[in-house]
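The values are calculated or read from the model by the stated rules, or taken from the named source; none is laboratory data. Quantities reported herein were computed from a predicted structural model and do not represent experimental measurements. A quick note on method: Cβ atoms are made from the backbone with ideal geometry, for glycine too, and the neighbour counts reach across all protein chains shown. Heads up: the accessible areas ignore ligands, DNA and RNA and are worked out on the full protein's heavy atoms, side chains in. Shrake-Rupley method; radii C 1.70, N 1.55, O 1.52, S 1.80 Å.
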Amino acid sequence: MKIGISCYPTWGGSGIVATELAMALAEGGDEVHVLSYAQPSRLELVNPNLSYHEVVVPNYPLFDYPPYSLALATQLVEVARHQSLDLVHVHYAVPNAVSAVLAREILEPQPLKVVTTLHGTDITLVGNDPNYLETTRWGIQRSDAVTAVSEALRRATQSQLGVENTIEVVPNFIDPRRYERVRGDQGAKRWAKGDERILLHISNFRPVKRVLDVVRVFERVRKQVPSRLLLIGDGPDRAQIERYCRDCEMCDAITFLGNLPLVEEILVGADLFLLPSETESFGLAALEALSCEVPVIATRVGGLPEVVVDGDNGFLREVGDVDAMAAAAIELLEDEPRRRAFGKSGRRRALEMFSEDLVVERYREIYRRVLGG
Ligand code: GMT
């Protein structure tokens, strides 16, 4: 198949899923063309089946906001026409689904199928905003197939956007080989001083991630268990978090590592992963932690209960309940055999349900179906 993949080039979330999917499809023999406004951080262009097309958004003094959706639609038309694409798979509905449907109309009579994957905030924070709702719903409803990364997101799309077409749940995935490569490495332990335990968080530091709760949980944990917190990622809330750490005199116990491409190199060796989000359609970072045998303490929201099994590979607590999350963390840190058993169980679940081979094949089945074969 000749497949276009349109995504955001960002460090986490939908951009990572789209990039890993593109590379796996290309490895399996499909011809894949990735489109974005910058080269995605994990995209390795070492396979002749894989190429990258930058979406250039020219500016003009009249534009306070250069129209990315039009530049993307135009680039989709160009790539589909000159590379004879069979379909385009867009990740994150806003504005990718609308641009793809527009490109399909422009290309007529050349057929181009549109598959849209919903990732989370494209529905729960952006798509349901009245300023985006109508176009987002239109893009989703005009897609030839729609997938959501969790059952919770499928339901949210139906209830919040009133979308009526079928939405299939295709979860996010991990490549088990990534962990195999680093298994046995020290990973996060390199940061530990003496017998310190390592707590870890990865996110884009947006308000929805509640990174301050991560620090407040850690504040409670370190009173009972000698420990250190590693924060991976960057984003708008980072300055506020750094200020809090300084005010509470915790700077020597907290390390900000910024954005990192190969998170498994740090995840391996961590004792616990914290994800206290306000909402989370799936929680790819939690899955990456489980796949590295790191138990997860998270909130009981959105799709997180589909990834983290309370009392089996982690604990789920209510949003904002930092005392309960800290108690859960201490419980596991003080019972090493149980913490290790949680880690093993998490990896087992990651392999059984969220392994790259299984999930990529689900996408291939959808492609074959929309192409009528
Ligand atoms: O909202 C974000 O944090 C970024 C967003 C994205 O598209 O990059 O993340 C969403 O998609 C991820 C990949 O499917 C999911 O694992 C995240 O749970 C989801 N974020 C939220 O729902 C907040």
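Structure notes:
- Any hit, region 245-253, residues being within 16 Å of the ligand (Cβ to nearest atom), open to solvent by 10 Å² or more (accessible area, probe 1.4 Å) and out of contact with any helix residue (DSSP H, G or I) (no Cβ under 7 Å at 6 or more places or on another chain): no
- Qualifying residue in region 68-77 (condition: closer than 21 Å to T117 by Cβ, surrounded by fewer than 16 Cβ atoms within 10 Å (Cβ to Cβ) and either of a type outside the set (S, T, N, Q) or not assigned by TED's automatic domain parsing to the domain that holds A26 (or both)): yes
- Matching option when the condition is away from the ligand (no atom under 16 Å from the Cβ), among the hydrophobic types (A, V, I, L, M, F, W, C) and either open to solvent by less than 50 Å² (accessible area, probe 1.4 Å) or touching a Gly at 6+ places or on another chain (Cβ under 7 Å) (or both), among A97, A80, A24, A18: A80
- Conditions (1) modelled with pLDDT under 95; (2) buried (at least 23 other Cβ atoms within 10 Å of the Cβ); number of the one not met by S6: (1)
- Residue pairs meeting the criteria (Cβ under 6 Å; at least 6 apart or on separate chains; first among the β-branched types (V, I, T), in region 263-288; second in a loop (DSSP other than H, G, I, E, B) and within 7 Å of the ligand (Cβ to nearest atom)): T279/G302
- Verdict on R178 being open to solvent by less than 60 Å² (accessible area, probe 1.4 Å) and either aliphatic (A, V, I, L, M) or more than 27 Å from A22 (Cβ to Cβ) (or both): no
- Scanning region 282-300 for residues that are in a loop (DSSP other than H, G, I, E, B) and open to solvent by less than 20 Å² (accessible area, probe 1.4 Å), we see that the one that is farthest from the ligand (Cβ to nearest atom) is P295.
- Checking Q240 against (1) away from the ligand (no atom under 12 Å from the Cβ); (2) among the polar types (S, T, N, Q); (3) surrounded by 19 or more Cβ atoms within 10 Å (Cβ to Cβ), the condition it does not meet: (3)
- Here P171 fulfils each of the conditions (1) within 16 Å of the ligand (Cβ to nearest atom); (2) surrounded by 24 or more Cβ atoms within 10 Å (Cβ to Cβ); (3) of a type outside the set (K, R) apart from (2).
- Of all residues in region 118-136, those being open to solvent by 50 Å² or more (accessible area, probe 1.4 Å) and either basic (K, R) or away from the ligand (no atom under 14 Å from the Cβ) (or both) number 5.
- Unmet criterion (only one of (1) more than 21 Å from D195 (Cα to Cα); (2) open to solvent by less than 10 Å² (accessible area, probe 1.4 Å); (3) within 16 Å of the ligand (Cβ to nearest atom)) for T279: (2)
- Complete set of residues in region 101-117 that are more than 16 Å from the ligand (Cβ to nearest atom) and touching a strand residue (DSSP E or B) at 6+ places or on another chain (Cβ under 8 Å): V101, A103, R104, L112, K113, V114
- Any chance R317 is open to solvent by 10 Å² or more (accessible area, probe 1.4 Å) and under 24 Å from R190 (Cβ atoms): no
- Criterion: open to solvent by 10 Å² or more (accessible area, probe 1.4 Å) and either within 16 Å of the ligand (Cβ to nearest atom) or in a helix (DSSP H, G or I) (or both) - qualifying residue of D312, D323: D323
- The lone exception for G162 - which of (1) outside the structural domain of G283 (by TED's automatic domain parsing); (2) closer than 25 Å to M353 by Cβ; (3) open to solvent by 30 Å² or more (accessible area, probe 1.4 Å) it fails: (2)
- If you filter region 359-370 down to residues that are out of contact with any Pro (no Cβ under 9 Å at 6 or more places or on another chain) and among the aliphatic types (A, V, I, L, M), you find that the one that is nearest to P111 (Cα to Cα) is V370.
- Residue in region 186-199 that is buried (at least 22 other Cβ atoms within 10 Å of the Cβ) and within 15 Å of the ligand (Cβ to nearest atom) present: no
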